[in-house]
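Report on the structure given below.
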Amino acid sequence: DWWLPSKDELELIYKNQKERLMAESTYKWIWSSSDDGFSYAWGKDLEDGQTTVRFTDEDESSNRGSVWAVRSF
């Protein structure tokens, strides 16, 4: 019953929990479960609040980010 939030769910989390996300995330980029093609996924930049798509190549150090698993209760 845990999942990675979609880009829309991540936007809601950001709006309501920005300070917590900033304090507890190792990286200032949070990945979502929403993809945009074969090698791209959406994420949230915690510093400027932008939701953008990024290349998901693991070798790209600029794409390092955190994930936040969510659970309904």
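Here, each number is a calculation from the coordinates, and none is a lab measurement. These numbers come from a predicted model, not from an experiment. Every residue, glycine as well, gets a Cβ built from its backbone with ideal geometry; the counts of neighbours run over all protein chains shown.
Close amide H contacts of residue 46 (hydrogens built in the peptide plane, cut-off under 5 Å, sequence separation of 5 or more or a different chain): 29, 30. Under the simplified labelling scheme, the residue 3-residue 24 pair shows an inter-label distance of 2.0 nm, with each label point 7 Å from Cα along Cα→Cβ.
Annotation: amide H-H contacts under 5 Å for residue 36 (H modelled 1.01 Å from N, sequence separation of 5 or more, or interchain): 41, 42. Taking every DSSP helix (H) stretch of at least 4 residues in the chain, weighting each as -39,500 (n - 2.57) and dividing the sum by the residue count yields a mean residue ellipticity at 222 nm of -8500 deg cm²/dmol.
Compared with the dominant principal axis of the Cα atoms in the chain, helix 7-24 is inclined by about 80°. Extent of segment 5-57 along its three principal axes (Cα atoms, max minus min coordinate, largest first): 32, 20, 16 Å.
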